[in-house]
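The values are calculated or read from the model by the stated rules, or taken from the named source; none is laboratory data. For clarity, every value in this text was computed on a predicted model and none was experimentally measured. Positions of Cβ are backbone-derived with ideal geometry, glycine not excepted, and every protein chain shown enters the neighbour counts. Only protein heavy atoms, including side chains, enter the accessible area calculation; ligands, DNA and RNA are left aside. Shrake-Rupley method; radii C 1.70, N 1.55, O 1.52, S 1.80 Å.
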Amino acid sequence: MVKLRAKVSTMPGSRDATQAPPRLTTADVAPRRPAVGARPSVSIRRVATAAVLALGLALLWMVRRAAGLPVRRLDVAPLDTAPVDDEGVAHALARTIRHQTISHSREAPPAAEALDALQTELRALFPRVHASLEVERVGEHSLLYSWRGGTAELPPVVLEAHQDDVPVDAGTEGAWSHPPFSGVVAGGEVWGRGALDDKSSLVAIFAAVEDLLAVGFAPRRPLLLAIGHDEEIGGEAGAQAIVAELVSRGVHADLVLDEGGVISDGVLPGLGPVALVGVAEKGAVSLELIADAPGGHSSMPPHQSAIGIVAEAVRRLETGRPSARLVPPTRATLEALAPELPFVLRLVLANADVLTPLVLRALATRPALDAAIRTTTAATVIQGGTKSNVLPEHASAVVNFRILPGESVDDVMAHARATVADARVRIRIEPGTSGREPSAASPYEGPAFSLLEQTIAARFPGVVVAPYLVLGRTDARHFEAISQNVYRFLPLRLDADARQRLHGTDERVGVGELAAAVGFYRELIRRAQQDL
C-alpha cells in the first residue's frame, strides 16, 4: 500500500514548520538612519531653530547690557583753581624723607627719636596748621589734628596718612641713584624711601590745609587728620589707638580717606588712565609649616629629609591654590571699566555674571589681576639645616596668604591642612603674628563715593574712576569702627615702573604729581562742605 506524504513548500521566504523561529538581532530592532541627503524630521528642525533663536536672543540681551553700561568719566569744573607751590612742596617732602622713621617689625617699631624729629620738622614746615588746628598725641607717637567746623553737628571727614617707612634691604643701598634717606630733589622728582609710601600723602595733606588757612578758608564741616606712626607693622599702636579715642568720644565720620589705589595706566588692554579707589582690602595670614626628622650624616639619607618634607608641603600649597571667584568689589571694577574698552572686551565684562568662567580664566593670566579673584599663596621663608653633610632634624617654611573677601583665616587654615595632607607637617599661624580677616566693603554708590568721583574728575580730567579691592594692607581698616564710608586712594598718577618702585630701590615721586596731590586734597576739603 502506498502512503502519501504531505509536500512542504520550499518557496523563497518559507521555512520548515519543524524549524525554530528565527532570533531577533539588534540590527532588526535598531532605528534606521536616514539616507545620506535625506531631510531631518520636522521635530529636529524645530529644536534646532529654537536653539538658534534662543542663542540669538541671549546674544542680543548681552549686547544690550554692554551698551547700557554707564560711563564713569565725569566732566567737573574744579572749585579750587589756585596754583600750588610745586618746588616748596617738593622740598618739604625731601626734608621729611631725611628722618628715618623705619618700622622694622613689631618688636622694632620706629625709633622715638626719629618720630619726634619728624614731628618737629612738620611744625616748622606747616606753621599755620599747628597754630590753627587742635593737635593731640595719641598712642605715644601718632597725631590727631582737629579743624573745627562752623556747623558742629555735621559728621567730620577724616584724612589719614602715616609717618613710618619700610626699611631698605641691606646691601642694596649702593643701587640707589641717590642715598635712600638723602631727600634729594633732582630731575623733576623727589627721591628717597617714603617718597611714595606714605610721606607724599602726609606732606600733600598738610600742604593743602596750610594753603586753605592762608586764604582764610573756614570749614563748615569738621576735618580730622589722623596721622599714624606704625602702619607698616599693622597700625595697632597708632591708627587703632586713634580710632579707639574717637569711638570713646562718639565720633562718626561721613568719609574716611587713606592711601591705597592710584591713577594707573594699562590696567586692562586698550584702557586709558584709571583712578582705582579701594572700597575693601584683603585679609592676611602667614602659616608656618614645620617638619622634624631623624638627623645624621648625609651619606646615609632617608628617602625624604625634613627639608624635603617641608618643600613638598610648599609645592602642594603652590599647586593647589584656592579657587578663583568674582567677589563684589572686583565685579564692580569690571563693570566700571567695561564701557571704556573695545567692544569684545566690553561685551564679556558687562556679562561677567553669565560668563564667569571665561572672565576668571582671562584674569588669571596676569598676577595683579589673578590676585583680585582668589586667596593668594606665597611661600616667603624657608629654613633648615646648618651644614652641607649633616641631615637637619628640623625644617620650616612660612607661606603668606592674602585672603579674599568672603573667606576667613579659619578657611585658609582648613585649606592648608587639607592640601598638605601630611601628618608629618605641623601647621600653625606664624609666631609673633596674627591673622587678619578681610575688611568690610564700603559702598561704591552714594554721596561719599560720589564726592571722591567728582574730586578726581575735577583735578584729573579724563580719568575713569573705578572701585577696587586693595590687595595689601592699610590703616583704613581700623576706621570701620567709626564709618561705613572708608576709602583708599592716593592721588598720584603712577606708571608701571613707578608702581614697581613702591617699597623698592629708587623710590621717588614727580614734583608735578606731588603738586597735583595737594590740589586734590584742597578740592576734596572744599567739596566736603556740602551735605553727604
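With a bin width of 5 angstrom, please list the P(r) values of region 46-127 as percents of all Cα-Cα pairs, from the 0 bin to the one holding the largest distance.
3, 10, 10, 9, 7, 6, 6, 6, 7, 6, 6, 6, 6, 5, 4, 2, 0
Report the antiparallel proportion of the DSSP beta bridges in the chain as a percent, rounded to a multiple of 5.
Percent antiparallel among DSSP bridges in the chain is about 65.
Need one value: the accessible area of H178 in square angstrom, 1.4 angstrom probe, rounded to the nearest 10.
50
Of all alpha-carbon pairs in region 220-300, indicate the percentage at a distance above 14 angstrom.
In whole percent, the long-distance tail amounts to 79.
Report, to one decimal in Å, the Kirkwood hydrodynamic radius for region 54-201 based on all distinct Cα pairs.
Final number for the Kirkwood radius of region 54-201 is 19.4 Å.
Per residue, how much space in cubic angstrom lies within the convex hull of the C-alpha atoms of region 217-355? Mind showing how you got there, number by number?
Numbers: hull volume 36.2 nm³, N = 139.
Enclosed volume per residue, from the Cα hull, is 260 Å³.
If Rh is defined by the Kirkwood formula over all Cα pairs and Rg also comes from Cα, what ratio Rg/Rh do you get for region 126-270?
Values: Rg = 17.6 Å, Rh = 17.2 Å.
Result: Rg/Rh = 1.02.
At what distance in nm do the modelled label points of T120 and S146 sit from each other, each positioned 7 Å from its Cα along Cα→Cβ?
Rounded to a tenth, the inter-label distance reads 2.8 nm.
What is region 360-449 by shape, rounded, prolate or oblate, if you read a ≥ b ≥ c off the alpha carbon gyration tensor as root eigenvalues and call it rounded for a/c under 1.5, prolate for a/b larger than b/c, and oblate otherwise?
prolate
Could you work out how much longer the chain between D410 and N389 gets when fully extended? Use 0.36 nm per residue separation minus the Cα distance between them, nm to one decimal.
Answer, rounded to one decimal: 3.6 nm.
Counting residues in region 409-495 as N, plug N into 2.2 N^0.38 Å and put the Cα Rg over that result.
Compared with the compact-globule rule of thumb, region 409-495 sits at 1.57.
So for region 492-532, what are the equivalent ellipsoid semi-axes in whole Å, largest first, each being the square root of 5 times an eigenvalue of the Cα gyration tensor?
Output for region 492-532: semi-axes of 29, 10, 7 Å.
So how much accessible area does W176 have, in Å² to the nearest 10, using a 1.4 Å probe?
Solvent-accessible area, nearest 10 Å²: 20 Å².
Cα extents of region 273-372 along the three principal axes, largest first, in whole Å?
Principal extents (largest minus smallest coordinate, Cα): 65, 25, 24 Å.
What order do M300, M413 take when sorted by accessible area (1.4 Å probe), most exposed first?
Of M300, M413, the descending order of accessible area is M300, M413.
With the convex hull built on the Cα atoms of region 99-179, state its orientation-averaged projected area in nm².
Directional mean of the projected Cα hull area for region 99-179 stands at 7.7 nm².
What share of Cα pairs, in percent, lie more than 17 angstrom apart in region 148-190? Before the final figure, lay out the partial values.
Values: 545 of 903 pairs.
That tail contains 60 percent of the Cα-Cα pairs.
Considering only protein heavy atoms, what is the solvent-accessible area of E407 at a probe of 1.4 Å, reported in Å² to the nearest 10?
Counting only protein heavy atoms, the figure is 40 Å².
Based only on the alpha carbon positions, what is the Kirkwood hydrodynamic radius of the chain, in angstrom?
The Cα-based Kirkwood calculation yields 27.3 Å.
Rounded to the nearest Å, what's the spacing between the alpha carbon centres of region 85-130 and region 369-399? Just the number, please.
Measuring centre to centre over Cα atoms gives 36 Å.
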